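**Student:** The structure's right below; bear with me while I get my questions together.
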Amino acid sequence: MRHRRSGYHPCVPSTLPTLSLDTSLLKPGLRLAVALSGGADSVALLRILIQQSRELGLVLHAAHLHHGLRGAEADADLDFCRDLAAGLNLPFHESRADTAAEARPDPAISKPAQTLEEAARRVRYAWFRQLMTAGEVDAIATAHTLDDQAETVLAKFLRGAWTEGLAGIHPVFELPEGRILRPLLATPRAEIEAYLRGLSQPWREDSTNRHLTYTRNRIRHQLLPELEAWNPRLREHLARMAVLARDEEAWWAAELARVAPQLLLTGRPVRGGGRAAGDVLALDVTRLAPLHPALQRRLLRHACERLGAAPDFLATESLRALTLHGRAGQKLELAQGLLAERTPRELRLAVSSSGGAVAPPPEYTVPVPGEIDAPAFALHLCIQAEPPAATLAACATLRNWKPGDRVTLRHSSGPRRVKEVLERLKVTGTARALWPVLEVSGRIVWMQGVELQPEPGLLVAVAPLAAGDPTPDAPPLAPPLQP
């Protein structure tokens, strides 16, 4: 729905305060809709663009999506945004979505459950694309700030992201229908609020931004302030890390475009020379082995991505181990239907025709106390036991998680389903399909990536299994249980 009201011009100070803005993203004649939530960031973006629109040659709109959450508070946000746009004499676009319904699973179309945050982002960007498809606007401007960037980079780091994840929020997000622009990405939130106070411009506060049930809010209100006691410029450094990672990724993309064609082979070799067409990709092991590990990982992941798979770190290291130390005829099955086979000269990769279904990883029996290598999970696991843990079973089982598994987090009041924990961690795809847990006497006492309620007298230490010999002294993948 679109509204426009004219004839009203707000009173503004004769000398306007200003705000730093990346104008390199804004071209004359651009029809730009500001994604206006009513919060300080989006209100400031709208006001500074209005202030500079004539100089920049922009045609501005405002757009607000009611997510169907927060009841009367969200209704008031919509009213505020509608009135603000009218007061600034801007075209106003509004729409409503049922985010809660979008978050629910739908087995009929194989749609998994999503968190409300994930569903809200999906419906929001779907609506942005509709606006651009309809020809209403050429691009959408979102008010992501330096603080948002710092929080995103830190969250990605905590989840074990690759370099591309540490690139965080990009200044420009290209879509087939148009572009999403983030002109405030280098601007701190404190500067934004000072700018609005200088204009005597009110804004709306979303009450859910204080709820510590959301990961981002815990990072914003708890973790970042604690870390800033060590380094007051941490947000700035995290934002710079995103710039560095983004530039690194751009360099790697060009390097892979140069190197990959020299090592990647399509199809299987045939007698007499040449290769038969097929859906198999192979890497020349003799040429891959001498390369730096960083380039080895990039090439392996690039090959997997060509097949539609996205291996995580552990899966990539398993492929490297098979490449460098495997023997001819050795095979490996990974999540997403990814199949690997070692030949005397090649590592051959394919995706199973069963749509990604692969044999489950093996279960490993671990003596208590004792230690074991688990190649299927690329882990080295060590268990130490002291009384009263001596009353537990003599053996533990390291296995993949399965539906119905429950764990008790260290600071939780009761057990939670593993599936829910993985959803909260935003673990999807390859990682979710291959996620180890350790079971003792019918209870899960360790789970990758989280800290569980400690089992008295039991200490579990886990380290990545390197591409050669195991490295039990490496940092654990998850906090060990404390006796």
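For (1) modelled with pLDDT under 95; (2) not polar (S, T, N, Q), each residue gets a yes or a no:
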| site | (1), (2) |
| --- | --- |
| G168 | yes, yes |
| V172 | yes, yes |
| P183 | no, yes |
| N209 | yes, no |
| L212 | yes, yes |
| R218 | yes, yes |
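**Student:** Continuing with this model, one more query. Looking at A260, A250, can you tell me which residue is within 19 Å of the chain's Cα centre (by Cα), part of a helix (DSSP H, G or I) and within 18 Å of W162 (Cβ to Cβ)? Working first, answer last.
**Tutor:** Values: A260 fails: within 19 Å of the chain's Cα centre (by Cα).
Exactly one of A260, A250 is within 19 Å of the chain's Cα centre (by Cα), part of a helix (DSSP H, G or I) and within 18 Å of W162 (Cβ to Cβ), namely A250.
**Student:** Give the number of residues within the stretch 324-340 that are more than 22 Å from the chain's Cα centre (by Cα) and touching a residue at least 60 places away in the same chain (Cβ under 8 Å).
**Tutor:** Going residue by residue through the stretch 324-340, those that are more than 22 Å from the chain's Cα centre (by Cα) are 324-333, 339-340.
Pick out the ones that are also touching a residue at least 60 places away in the same chain (Cβ under 8 Å) and you get 324-325.
Matching residues across the stretch 324-340 total 2.
**Student:** Residues R210, R122, R218: which one is farther than 16 Å from I48 by Cβ and in contact (Cβ under 8 Å) with a residue 12 or more places away in the chain? Steps first, please.
**Tutor:** On the way: R210 fails: in contact (Cβ under 8 Å) with a residue 12 or more places away in the chain; R218 fails: in contact (Cβ under 8 Å) with a residue 12 or more places away in the chain.
None of the others qualify; the one that does is R122.
**Student:** Turning to a different aspect of this structure: Of all residues in the stretch 86-98, how many are of a type in the set (A, V, I, L, M, F, W, C) and in contact with an Asp or Glu (Cβ under 9 Å, 6 or more places away or on another chain)? Don't jump to the end; show me each part of the working.
**Tutor:** Let us first name the residues in the stretch 86-98 that are of a type in the set (A, V, I, L, M, F, W, C), namely 86, 88, 90, 92, 97.
Subsequent filtering for residues that are in contact with an Asp or Glu (Cβ under 9 Å, 6 or more places away or on another chain) retains none.
Residues in the stretch 86-98 being of a type in the set (A, V, I, L, M, F, W, C) and in contact with an Asp or Glu (Cβ under 9 Å, 6 or more places away or on another chain): 0 in total.
**Student:** Considering every residue within the stretch 436-449, establish whether at least one is within 22 Å of R320 (Cα to Cα), assigned to a strand (DSSP E or B) and at pLDDT 85 or above. Show your work before the answer.
**Tutor:** Of the residues in the stretch 436-449, the ones within 22 Å of R320 (Cα to Cα) are 436, 448.
Subset that is assigned to a strand (DSSP E or B): 436.
From the residues that got through so far, the ones that are at pLDDT 85 or above too are 436.
Checked the stretch 436-449: at least one residue is within 22 Å of R320 (Cα to Cα), assigned to a strand (DSSP E or B) and at pLDDT 85 or above.
**Student:** Next up: Check the stretch 391-401 and report whether any residue there is modelled with pLDDT under 85, surrounded by 21 or more Cβ atoms within 10 Å (Cβ to Cβ) and touching a Leu at 6+ places or on another chain (Cβ under 8 Å). Let's see the steps before the verdict.
**Tutor:** Restricting attention to the stretch 391-401, the residues satisfying the condition of being modelled with pLDDT under 85 are 391-395.
Keeping just the survivors that are surrounded by 21 or more Cβ atoms within 10 Å (Cβ to Cβ) gives none.
Checked the stretch 391-401: no residue is modelled with pLDDT under 85, surrounded by 21 or more Cβ atoms within 10 Å (Cβ to Cβ) and touching a Leu at 6+ places or on another chain (Cβ under 8 Å).
**Student:** Taking R182 as meeting all but one of (1) of a type in the set (D, E, K, R); (2) farther than 29 Å from H66 by Cβ; (3) in the same structural domain as A139 (by TED's automatic domain parsing), write down the number of the exception.
**Tutor:** Unmet condition: (2).
**Student:** Tell me, please, whether a residue that is in a helix (DSSP H, G or I), modelled with pLDDT of 85 or more and of a type in the set (A, V, I, L, M, F, W, C) can be found in the stretch 101-116.
**Tutor:** Going residue by residue through the stretch 101-116, those that are in a helix (DSSP H, G or I) are 101-103, 107-109, 116.
Within this subset, residues satisfying the condition of being modelled with pLDDT of 85 or more are none.
No, because not a single residue in the stretch 101-116 is in a helix (DSSP H, G or I), modelled with pLDDT of 85 or more and of a type in the set (A, V, I, L, M, F, W, C).
**Student:** Also, quick follow-up: For the stretch 209-251, how many residues are loosely packed, with under 15 Cβ neighbours inside 10 Å and polar (S, T, N, Q)?
**Tutor:** 4
**Student:** Are any residues in the stretch 52-70 in a strand (DSSP E or B) and surrounded by fewer than 21 Cβ atoms within 10 Å (Cβ to Cβ), and if so, which ones?
**Tutor:** Within the stretch 52-70, V59, H66 qualify.
**Student:** Among the residues of the stretch 157-166, are any over 26 Å from A315 (Cβ atoms) and either surrounded by fewer than 19 Cβ atoms within 10 Å (Cβ to Cβ) or more than 16 Å from the chain's Cα centre (by Cα) (or both)? Even if it seems obvious, please write down each step before you answer.
**Tutor:** At the first step, the residues of the stretch 157-166 found to be over 26 Å from A315 (Cβ atoms) are none.
The answer is no; no qualifying residue exists.
**Student:** Quick test for you: out of R320, R327, pick the one residue that is basic (K, R), at pLDDT 80 or above, touching a helix residue (DSSP H, G or I) at 6+ places or on another chain (Cβ under 8 Å) and within 26 Å of R297 (Cβ to Cβ).
**Tutor:** Details: R327 fails: touching a helix residue (DSSP H, G or I) at 6+ places or on another chain (Cβ under 8 Å).
Sole residue among the options that is basic (K, R), at pLDDT 80 or above, touching a helix residue (DSSP H, G or I) at 6+ places or on another chain (Cβ under 8 Å) and within 26 Å of R297 (Cβ to Cβ): R320.
The values are calculated or read from the model by the stated rules, or taken from the named source; none is laboratory data. Just so it is clear, the model here is predicted, and its values are computed rather than measured. Neighbour counts run over all protein chains shown; Cβ positions are idealised from the backbone, glycine included.
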